[in-house]
Amino acid sequence: MTLLSLGLTYFRRRPLLLFSSVAIGLGVAVLFTVLAVMNGFLVELEKSIRSFSGDAVIENRYLPSREPFRFADYQAALAQVDGVQRLEPRLGWYALVGRRGGHAVTDPRSTDLSGMMLFGVDDAFANAEGDGATATGGNGDGAVPIPMRLGRQAAQRLQLEIGDELGLITFVQGGDGRPAPLRATFRLHSLLRTGRFDQEMDTAHVPRAALANLLQRDPPFTQVLVRTTPDADPLQVAEDVETALKKAKLALPGYPRTLTWREKGGTLLKAVENQRGMLSIVFFFIVLVAAYQLVATLTLTVTEKRRDIGVLRALGATPGRIVRFFVALGMVVTVAGIGIGLVLGQWLTSNLRTVEKWISGGERIFRAEVYKFEDIPVSVDPASVTLLIAATLAAALVFSLVPALRAARLRIVDSLRKR
Amino acid sequence: MNDAPPVLKALQLTKSYRVGASRLEVLRGVDVELRPGEVRALMGASGSGKSTLLNLLGLLDKPDSGKLLLNGREVQNLGRAASSRTRASSVGFVFQQFQLLPELSALENVLLPRRLLAGWNWWGRRGNERRAAREALGMVGLGKRLRHRPAQLSGGEQQRVAIARALICQPPILLADEPTGNLDRGSSEEVLELLLRLGREMRSAVLIATHDSDVSARCDSIVTMSDGLVRLAEPA
């Protein structure tokens, strides 16, 4: 192991080589952190989309001239599809929501008014006053307010507290077929917490039966959420669901009915994935630059250790052995750098808030309004880390070869000559 | 008279160097041979070409023309890798400047040729090699300085480490370039004595380049170099 111990001794005793390791380590740490954050975004987005919209969504579209599809029809059609764990009907409707009273609901220019996606859902409102059993459509003064679970951020913006009343204005189809305004009163029952700023800002849950009643909507759902079993592939399930719907004649010809969570998240997911790709490329250049300085560091080492190389060659080291020795030295430097980078990167990803405070002096840099999540999500993806390590080693290998080949080409008698 | 066939034979070796626009002819057709167990001195003034000849005989450099036979096999045109392997198995070097690797201990320096000769397949023999290196250092009187680095050893001790390193593979040829040139008189005597004794014990063909007549006087034969040629002389 003498050559290896020689390499390790060079590494220990030459600050320049250690400096190279630190430089590589910084590059790796930055890329590790960026990848972990971008992966964190993707993981949290997936979680939020899947919990919010199901693993797949069936849009309940039907021709006005035909009898609408019923939820029971879907249940019957999909009962035998593998991977389907549960179906949930959901009624979606756009509305403006604001504090009740004053001019908030009557003046669309009011800042106390928020555009909101109302979802009529079946859970969590059981036994709540006005949960549908008691609420009546177009509830005016004196009617029982419908309970609403409003996004936490929207509630903050509208300065609402649990129990406060909210006014709602929307449009439904009037008797003459033209849009007719509809006003209703809700009571803030609880806050909707998803961890995603945009969802908490523009989403509210209400009892589905009450909403359907209010809107005079039949059938009382616009979507069917498909929850899959944990081991199922949502893409495959969506395909099977689509096939089953066609078979049961619950699909309109040429119209895609079933969207996977990935299709539902569409643009946002693609944007984050693209951003991850771009940032990976950009930050990998930092690692490349750090690794590139191996050329300079090892070239300097070759120059300084020229006599040692001559001695090794005189004692019988083949040129190939010299190449391997310097490449191995480059690898030692790189592996140490990767080690430093992984430790530093792990620390950075675990302490993003602290780092954010150091950088900004206490101000939030990663604001939820921009980045959607209250806390910057982090998820270390082993495949990405493996790729990062492999790419760094590959770059270091290429960069180490240049000085290594130079060392192997040295003439022995020149190297041994007293300088 | 040594009747053994020569282990190394040089025939009409020439070597020249470019100096500016002209060429400097250093060796102009050198014939020399070395036999097992023979200790020869190579004498000549500074710049006479002693080191150049040693470099050619030790396969550290290539001649312009001529032949170099190692155990009857031509080796002057071997490729770089092949000549490295031949060097590792057949030639030991002792340099005037010791040429020890400063980062390695005495033991590690002595181990180097064995490790280089063994290539990548030395795992099974690791213990044997360390034992051989310890014995080699014991033979040169440094059995208790195994872990010392060159900087912690005197000049004479460093040269003794270099001798142990040169002999650990028991090479048939040992080339020494001014081995006592950097040593005081006492150390010179010890190192020379060691070199001669161990070379003879191992039946190595030893060629010592020197301009010290005290050194050459202890050798079996002397060849002198002048004008790029060698001629045989008897020891004084």
Reported set for the range A:225-246 where residues are open to solvent by less than 20 Å² (accessible area, probe 1.4 Å), under 16 Å from A:Arg262 (Cβ atoms) and in a helix (DSSP H, G or I) is A:Pro234, A:Val237, A:Ala238, A:Val241
Across (1) open to solvent by less than 10 Å² (accessible area, probe 1.4 Å); (2) farther than 29 Å from A:Pro89 by Cα; (3) at pLDDT below 90, A:Thr303 clears everything bar (1)
The residue that is nearest to the other protein chains (Cβ to nearest Cβ), considering only those in the range A:4-23 that are open to solvent by less than 30 Å² (accessible area, probe 1.4 Å) and aliphatic (A, V, I, L, M), is A:Leu6
Within the range A:316-336, restricting to residues that are in contact with a Gly (Cβ under 9 Å, 6 or more places away or on another chain) and surrounded by 24 or more Cβ atoms within 10 Å (Cβ to Cβ), the one that is farthest from the other protein chains (Cβ to nearest Cβ) is A:Phe326
Over the range A:375-399, the set of residues within 14 Å of A:Leu294 (Cβ to Cβ), surrounded by fewer than 19 Cβ atoms within 10 Å (Cβ to Cβ) and of a type in the set (Gly, Ala, Ser) is A:Ala394
* **Verdict on B:Lys62 being more than 19 Å from B:Ala176 (Cα to Cα), modelled with pLDDT of 90 or more and of a type in the set (D, E, K, R)** => no
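Could you list, in sequence order, the residues of the range B:45-58 that are crowded, with 20+ Cβ neighbours inside 10 Å and more than 14 Å from chain A (Cβ to nearest Cβ)? Give the steps one after another, and end with the answer.
Here is the first cut: in the range B:45-58, the ones crowded, with 20+ Cβ neighbours inside 10 Å are B:48-58.
Scanning the range B:45-58 gives a single hit, B:Ser48.
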Taking the range A:54-69 and the residues there that are among the small types (Gly, Ala, Ser) and buried (at least 21 other Cβ atoms within 10 Å of the Cβ), the one that is modelled with the lowest pLDDT would be A:Gly54
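Could we say that B:Phe98 is among the aromatic types (Phe, Trp, Tyr), within 11 Å of chain A (Cβ to nearest Cβ) and on the phi < 0 side of the Ramachandran plot here?
Numbers: among the aromatic types (Phe, Trp, Tyr): yes; within 11 Å of chain A (Cβ to nearest Cβ): yes; on the phi < 0 side of the Ramachandran plot: no.
No.
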The condition of being at pLDDT below 85 and part of a strand (DSSP E or B) holds, among A:Leu259, A:Leu252, only for A:Leu259
Output for Cβ contacts, cut-off 6 Å, separation at least six or different chains, first residue of a type in the set (Asp, Glu) in the range B:172-193, second open to solvent by 20 Å² or more (accessible area, probe 1.4 Å), reads B:Asp177/B:Ser51; B:Asp177/B:Phe95; B:Asp177/B:Gln96; B:Glu178/B:Gln96
Condition set of a type outside the set (A, V, I, L, M) and without any contact (Cβ under 8 Å) to a residue 24 or more places away in the chain, scope the range A:174-210, selection nearest to A:Leu160 (Cα to Cα): answer is A:Pro181
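For the structure I just gave you, tell me whether A:Ala124 is modelled with pLDDT under 90, outside any strand (DSSP E or B) and under 17 Å from A:Ala209 (Cα atoms).
Numbers: modelled with pLDDT under 90: yes; outside any strand (DSSP E or B): yes; under 17 Å from A:Ala209 (Cα atoms): yes.
So A:Ala124 fits the description; yes.
Listed here are the residues, each with its yes/no results for (1) more than 10 Å from chain A (Cβ to nearest Cβ); (2) assigned to a loop (DSSP other than H, G, I, E, B).
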position	(1), (2)
B:Arg23	yes, no
B:Leu60	no, yes
B:Asn77	yes, yes
B:Thr86	no, no
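Taking the conditions exactly as written (more than 7 Å from chain A (Cβ to nearest Cβ), open to solvent by less than 10 Å² (accessible area, probe 1.4 Å) and in a strand (DSSP E or B)), does B:Gly92 satisfy them or not?
Working: more than 7 Å from chain A (Cβ to nearest Cβ): yes; open to solvent by less than 10 Å² (accessible area, probe 1.4 Å): yes; in a strand (DSSP E or B): yes.
Spelling it out, B:Gly92 is indeed more than 7 Å from chain A (Cβ to nearest Cβ), open to solvent by less than 10 Å² (accessible area, probe 1.4 Å) and in a strand (DSSP E or B).
Considering only residues of the range A:396-412 that are within 10 Å of chain B (Cβ to nearest Cβ) and in contact (Cβ under 8 Å) with a residue 40 or more places away in the chain, which is farthest from B:Asp61 (Cα to Cα)? Working first, answer last.
Going through the range A:396-412, the residues within 10 Å of chain B (Cβ to nearest Cβ) turn out to be A:408-409, A:411-412.
Right, trim to in contact (Cβ under 8 Å) with a residue 40 or more places away in the chain and you get A:408-409, A:412.
Numbers: A:Ala408: 15, A:Arg409: 13, A:Ile412: 7 Å.
Looking at the filtered set, the residue picked out is A:Ala408.
The values are calculated or read from the model by the stated rules, or taken from the named source; none is laboratory data. Source: prediction; values computed, not measured. Note: ideal-geometry Cβ built from the backbone for every residue, glycine included; neighbour counts use all protein chains shown. To get the accessible areas, we keep the full protein, side chains included, count just its heavy atoms, and leave off ligands, DNA and RNA. Shrake-Rupley method; radii C 1.70, N 1.55, O 1.52, S 1.80 Å.
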